[in-house]
């Protein structure tokens, strides 16, 4: 039972980081119909930026987080303006390939600056353990869950109440109608990329606190797909639930079944989901079928 | 309004020919001369690159049949190549099947696997299909590294060298002829396929599937056929990789392989045989060129060597992005533009503009 509890906490905390990455993906997809293969690399950028700010420059944590968010948003806005805006209205294959290209560039640049070896530094998340009955839980992992949930709830509230959030939903619903109501689409696309960067950077910061900094972080970008298909491509709540399910599934399968099956099980879920319910648990049922 | 200028055929034979014009024949002849003469003057290094380009061309044409001509996005290229490579290699290694037969069996099996993975295309479209093929890629990758009894897991498999007329074909010089023959055969087959009823059906499904089904194209069957045809050649490329290096490792068939091949057809030109070749050549040669540049500046900038892999990665991405933004129709279109410029010189007509108007 104690093992089970530890696995659950570990799975949930991983799942919440997936959810943060997935939420950024969902925001971009909702606003601009772009499938962002570079989401994992935005996460990677977040981990390296916080490492740069705190460990290399020596900033205090609060400033380091601020700097990370600022730089991540700047990068995302530049990407949106320079790379994606010229491609508005192009076929899906172009959108997919351009974000794959971006992912390659981001990986190349971060690799050239920070090198291939993993780095570690003192986490801002407290290092101790929580002893709960027979189980020993890592404090950092336990704390990361409410933090991620708070950020995701903030995103949800933004969609519901903020002006730009409502504008984003309007654009997702009908771009032309939104335009005629005076909504500035370039502005909303910019906000979407900015939010995705913030969400990914926060995920990256927490990841840096939990497992350290290494180029492998980018592989989370691919884990985003099972999560968003499970939860629904256009739903923040779906991203949270999907992240939790995939995260838990990975650790349970990894521990109780083994054989590296934990690496492939999310994709099996993805395929099953596509067969049964392609719009996901919470997505809108408007997927285009043939 | 301007009068159309260019070539107007007056005979049916010319209209249906692949290379009807004298200049086209001249260019083809020059290309053939170059290809035939190249291995006698090229160094071993360049021969190896040429073989890689030829293999990549086969794979890129295969992928282009699916993505460029039929409009079905696939991120599973690496997985299909793996099926081709492992089938060919294991048949020859474990059962002593002659290499020609095992290559053919590999192509057929890959075609069957491609058809199976194409089944979701009945229901899924665009981005959902892309994600489904991504899942297929990950699952095959896992099978490749974990089904140890068959694939040897993460260990490399050593494949016996192919022998033709008593000559071992595993040197770059000897393999070159197989590779070029395969690439040329694939190109010729694909070019003819696209002029046939089936090829037209592929394009109709890509452009507007509902309209295609209205005029009598069986959309699902056509899609499956596209998956099968495409996978056949992708399997061929995989089998060639196995026999080129005489070794199979799973690292050569990962998701990045899929991405590299997608990049080839994007950079070369979607829905273009010539583009498949140009893209395959550019994307294969690019990392080699960057390495050469890195070596050249090694003395002045010693830290350059450690940055090389990152430079390759970043340049790869930048090339994709620049092509998508500035010339979405790829190198193939650039080549056409250059040809048109000289063709109608000194006038500024462009055949492409006429089509757009």
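Below are the figures for this structure:
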quantity	calculated
For residues of A:219-230, the mean tally of beta carbons on other chains within 10 Å	2
Ranking of A:121, B:261 by count of other Cβ atoms within 10 Å, fewest first	A:121, B:261
Mean ellipticity per residue at 222 nm, deg cm²/dmol - from DSSP H runs of n ≥ 4 across the protein assembly as shown, formula -39500 (n - 2.57)	-24000 deg cm²/dmol
More than 22 angstrom apart: percent of Cα pairs within segment B:136-276	54
Computed label-point distance, nm, for sites residue A:256 and residue B:339 using a 7 Å Cα→Cβ extension	6.2
Distance-filtered residues of segment B:90-113 - backbone nitrogen under 20 Å, label point 7 angstrom along residue B:171 Cα→Cβ	none
Calculated log₁₀ intensity ratio I(q)/I(0) where the Debye formula runs over C-alpha points of segment A:53-126, q = 0.14, 0.17, 0.22, 0.25 Å⁻¹	-0.64, -0.83, -1.07, -1.19
Cα Rg over Rh - segment B:53-152, Kirkwood	0.99
0 to 90° range, to nearest 10: angle between helix A:185-211 axis and chain A longest Cα axis	10
Proxy reagent accessibility, fewest Cβ within 10 Å first, across A:275, A:16	A:275, A:16
For chain A, projected area of the alpha-carbon convex hull averaged over all directions, nm²	15.9
Backbone N within segment A:250-272 under 18 Å of label point (7 Å from residue A:5 Cα along the Cβ vector)	A:252
Globularity ratio of segment B:56-97, using Cα Rg and 2.2 N^0.38 Å	1.43
Added length on full extension, which subtracts the Cα-Cα distance from 0.36 nm per residue, residue B:203 to residue B:218	4.1 nm
Neighbouring partner chain Cβ atoms per residue of B:256-263, average, 10 Å criterion	2
Gaussian network model of chain B, Cα within-10 Å springs - most flexible of B:27, B:11, B:206	B:11
Among B:185-192, A:105-112, the order from most to least packed when residues are scored by Cβ within 10 Å on average	A:105-112, B:185-192
Hull volume in cubic angstrom per residue (convex hull over the Cα atoms of segment B:237-347)	157
14 Å reach of a label modelled at residue A:120, 7 Å along Cα-to-Cβ, counting backbone N of segment A:198-224	A:208-214
Length added when fully stretched, residue A:88-residue A:173, from 0.36 nm per residue minus Cα-Cα	28.9 nm
Segment A:148-256: relative contact order in percent, alpha carbon pairs under 8 Å with at least 6 residues between	20
All-pairs Cα distance distribution in chain B, expressed in whole percent, bin size 20 Å	27, 57, 15, 0
Among B:75, B:331, B:47: highest mean-square fluctuation, GNM of chain B, C-alpha pairs under 10 Å	B:47
Part-to-part distance (alpha-carbon centres) for segment B:182-224 and segment B:241-266, which is given in Å	26
Order of B:155, A:250, B:13 - criterion: other Cβ atoms within 10 Å of each residue's Cβ, fewest first	B:13, B:155, A:250
Within a Gaussian network of chain A (alpha carbon springs, distance under 10 Å), most fluctuating of A:82, A:155, A:222	A:82
D_trans [Stokes-Einstein, Kirkwood Rh over alpha-carbon pairs] for segment A:208-252, 4 °C, 1.567 mPa s, µm² s⁻¹	115
Taking N as its residue count, the alpha carbon Rg of segment B:41-251 over 2.2 N^0.38 Å	1.05
Nearest 10 degrees, 0 to 90: helix A:220-231 Cα axis against chain A principal axis	70
The protein assembly as shown, Cα convex hull volume normalised per residue, Å³	190
Alpha-carbon centroid distance for the pair segment B:1-80 / segment A:44-75, whole angstrom	49
Cα principal axis extents for segment B:1-106, largest first, Å	64, 41, 25
Inter-chain shielding of B:137-150 (mean C-beta neighbours from other protein chains, 10 Å cut-off)	3
Residue B:26/residue B:164 FRET efficiency (R0 22 Å; Cβ-Cβ; nearest 0.05)	0.10
Between helix A:2-32 and chain A: long-axis angle, C-alpha atoms, 0 to 90°, nearest 10	20
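A short reminder: the numbers here are calculations on the coordinates, not readings from a lab. Please read all numbers here as calculations on a predicted model, not as lab measurements. For neighbour counting, all protein chains shown are included, and Cβ atoms are generated from backbone atoms with ideal geometry for every residue, glycine included.
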